[in-house]
1. Among chain B residues, which Cβ is nearest the axis of the B-onto-A rotation, and at how many Å?
2. Averaged across the residues of A:45-55, what count of C-beta atoms belonging to other chains lies within 10 Å of each residue's C-beta?
3. If you restrict to DSSP beta bridges whose two residues both lie in segment B:276-391, what percentage is antiparallel, to the nearest 5?
4. Mind checking the alpha-carbon convex hull of segment B:276-391 and giving the volume per residue in Å³?
5. Just A:230, A:356, A:70 to compare: in a GNM of chain A, with alpha carbon springs under 10 Å, which one fluctuates most?
6. Let me have the relative contact order for segment B:67-137, percent, based on Cα pairs under 8 Å that are six or more residues apart.
7. Which net charge results when you count Lys and Arg as +1 and Asp and Glu as -1 among the other residues whose beta-carbon is under 9 Å from that of residue B:289?
8. What number comes out for the charge environment of residue B:349, summing +1 per Lys or Arg and -1 per Asp or Glu over other residues with Cβ under 14 Å away?
Number of protein chains: 2
Amino acid sequence: MQKNRSTIIPGFKFASVSANIKTPGKKDLAIIFSENVAAVAGVFTTNRIKAAPVMLDIARIKSHKGRAIIVNSGNANACTGRQGLEDAKTMVKLTAGELGIEPGSVYVASTGVIGRPLPMEKIRTALPGLAKELSSLSMQDVASAIMTTDTFAKTVFRKIKIAGKAGTVAGMAKGAGMICPNMATLLSFIVTDIAVEPKTLDKALRQAVRKSFNRLIIDNDMSTNDTVLIMANGILKNRLITKSSPDYDKFEDALSDVTYSLAKMIARDGEGATKLIEVIVKGARTEADAEKAARAVANSLLVKTAIYGNDPNWGRILAAIGYSGAKINEQKISLSANNCKLFDKGIGAKNIRKDIFSKKDIIITADLGLGKKEAKVLTCDLTEGYIKINASYTT
Amino acid sequence: MQKNRSTIIPGFKFASVSANIKTPGKKDLAIIFSENVAAVAGVFTTNRIKAAPVMLDIARIKSHKGRAIIVNSGNANACTGRQGLEDAKTMVKLTAGELGIEPGSVYVASTGVIGRPLPMEKIRTALPGLAKELSSLSMQDVASAIMTTDTFAKTVFRKIKIAGKAGTVAGMAKGAGMICPNMATLLSFIVTDIAVEPKTLDKALRQAVRKSFNRLIIDNDMSTNDTVLIMANGILKNRLITKSSPDYDKFEDALSDVTYSLAKMIARDGEGATKLIEVIVKGARTEADAEKAARAVANSLLVKTAIYGNDPNWGRILAAIGYSGAKINEQKISLSANNCKLFDKGIGAKNIRKDIFSKKDIIITADLGLGKKEAKVLTCDLTEGYIKINASYTT
């Protein structure tokens with residue numbers, strides 16, 4: 001995303017600074033600010049151990065509205081007990097004071113190391129400077145500030161016509177590991193100037209997340225901090241979109257496009273990843289079966305290492321489908337990778353090209369031959385890089 | 001296990017040769033032979049895609065008896081369609097012919113690459129020589145012949161007194177990857193000279209497997225070929241052990257000891273592993289909860305890489321317990337590793353030693369503080385070695 005006037009989202013401002021929480025000198029504290037009260041919807045981790053900021057947001061979002069998100073990287077404020085909750089509340093109060101808004105309209109998110117107290121003095125010191133940085137051009141900088149092991153900042157910007165007016169849906173995300181399908185993702189913030197009724201916003205967000213962040217696997221770990229928040233400030237002054245509006249589908253499609261694009265960026269930037277993998281399972285009896293099979297393949301370390309090693313070891317894909325729990329019949333399954341047939345109804349294909357896994361983008365397609373339902377899951381290959389990153393993260 | 005007369009299991013003979021299925025010159029075809037008809041019990045993969053030898057054994061084991069197991073490494077005879085089943089049957093028939101026994105009394109197992117036809121001509125050529133090699137001293141050689149990515153042969157030998165007589169329970173196993181808890185293990189064969197009634201043998205085997213091979217995680221993949229077979233030939237001439245025998249518990253304990261010891265060897269020899277990890281979850285409301293939590297920790301790539309990297313990143317352990325699905329209350333959990341307290345009822349411990357993960361044997365203990373049930377799961381660390389082995393296995 002370029003830093004120019006064409007990527008402004010009307011009514012939203014962004015700021016980021018270095019508070020020395022992460023690596024000294026690297027930006028790690030950021031604000032997303034709406035000039036007026038926006039409708040807000042959110043999806044949070046389903047981990048039973050939830051970080052303090054997540055607990056605070058879950059309570060706050062019952063109001064369905066808000067004006068700002070304060071977010072830090074470098075410390076997750078998770079497994080920090082009562083003090084953690086106090087720190088999250090203080091962070092919100094200080095932010096509200098700097099912005100001159102109600103504390104009840106500020107959401108908070110943290111990402112980074114688990115189990116260490118939030119360095120409140122650093123945050124207290126950095127906040128006044130942060131509020132002064134607010135600019136409508138700085139979304140990309142905020143996307144950088146929320147990174148942990150990400151190698152690039154992830155932003156998506158989409159324009160859609162709503163009743164003749166050009167509305168904007170823009171999103172950012174961070175996440176490269178600890179990403180499991182049964183949750184949102186690490187952190188993603190989406191802003192739009194389109195006016196959307198709060199419960200409709202919630203519905204559209206859940207739909208979008210279900211087929212994007214919830215169908216994304218890097219490792220099999222689920223974070224304590226996963227948060228997706230959307231703010232819709234209505235500055236476009238379109239007729240309020242509700243579940244029955246003719247424009248609802250258009251809005252949901254744009255939002256889904258934003259979240260799917262972000263999910264794809266996360267998969268491509270998976271810790272140590274060299275390849276983006278899309279697993280498509282079709283011909284299933286139910287969508288649940290298709291999803292189970294696709295997830296098992298995307299979650300198989302053996303499949304992911306084979307793809308990394310350019311090894312057309314398709315038996316591992318089939319074995320994963322076999323243990324996925326999906327209803328299958330080996331004699332009806334067909335399997336291909338990047339349009340090369342690997343297995344056809346019970347028998348391995350002849351003359352399989354050796355180079356099917358050599359590209360940067362791998363598409364694995366399995367047809368279970370039992371029905372018409374399908375599902376798609378995103379993942380990446382598993383490499384020595386993942387081990388290196390995660391064997392030395394805190395110390 | 002030493003090759004001497006003290007490790008003879010009365011009535012059993014073993015043989016192995018190189019049939020050039022695996023690496024030329026390496027042993028890859030083996031027989032386990034009982035001089036008389038033995039009671040047989042088995043546990044097999046729950047993968048819906050089952051290799052041909054597994055399908056054949058599942059049918060055969062309904063007789064609860066047998067005299068021989070023929071096993072090859074280098075080729076799994078899985079995903080090989082009707083031809084695969086024909087090949088498994090032919091392998092059994094040829095073996096029976098060489099041994100001069102009924103084909104119905106021969107079990108078969110294969111391990112290695114999935115999806116390639118079994119090289120029947122090589123097996124046909126090697127079998128006559130194999131039968132001539134039978135010796136009561138060669139169990140360790142058979143354990144070597146069934147290895148794939150294993151770095152050492154795994155055998156366990158136990159003596160137990162049954163009504164004053166010294167009985168033997170001996171087992172071997174192969175397996176270093178594709179090992180997931182919802183199954184037996186790759187291959188394990190156990191022999192005993194103790195007389196056990198077939199259904200009792202089945203019960204004891206299931207009990208032993210449940211807490212050993214079924215609580216062992218290397219990666220999250222489940223093989224198509226997993227097979228555990230036990231043969232009890234009764235040559236000890238003890239009074240037949242039934243479920244109500246006073247000696248039943250003693251026998252089950254010995255068998256459990258053999259399978260747990262083998263499981264521990266498999267974890268220690270996990271592909272690329274440098275450390276053995278035992279995850280103990282206690283204080284759970286139910287055993288199922290304890291097991292869920294222990295499995296989530298043992299299956300977490302982030303926990304396994306942290307241990308590899310000597311990084312006391314206990315937040316990852318807690319996060320895994322949180323998403324395990326077990327009933328928990330963060331404020332009641334205590335966590336320690338190798339007797340060093342990490343987390344105590346909602347708060348991280350102070351002064352955590354930096355070296356808690358530096359030993360070769362790591363014991364992680366989590367007390368959920370909610371009840372009295374517990375479970376133990378075995379695993380190993382995740383290293384660049386795992387990636388290297390699995391990125392280049394077939395090609």
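1. Chain B residue with minimal Cβ-axis distance: B:384, 2.
2. Values: counts 3, 3, 7, 11, 12, 2, 2, 0, 0, 0, 0.
Mean partner shielding for this stretch: 4.
3. Details: 17 of 24 bridges.
Given both bridge residues lie in segment B:276-391, the antiparallel proportion sits at roughly 70 percent.
4. Each residue corresponds to 87 Å³ of Cα convex hull volume.
5. Comparing A:230, A:356, A:70 in the GNM, the peak value goes to A:356.
6. Details: 96 pairs, mean separation 31.5, N = 71.
Reported relative contact order: 44 percent.
7. Numbers: positive: B:285, B:292, B:327, B:373; negative: B:287, B:291.
Net local charge, residue B:289 excluded: +2.
8. Details: positive: A:116, B:341, B:345, B:350, B:353, B:354; negative: B:344, B:367.
It works out to a net charge of +4.
Every number in this text was worked out from the coordinates using simple rules, so none of it is lab data. The structure presented is a predicted model; accordingly, all values stated were derived computationally and were not measured. So basically every Cβ, Gly included, is an ideal-geometry build from the backbone, and we count neighbours across all protein chains shown.
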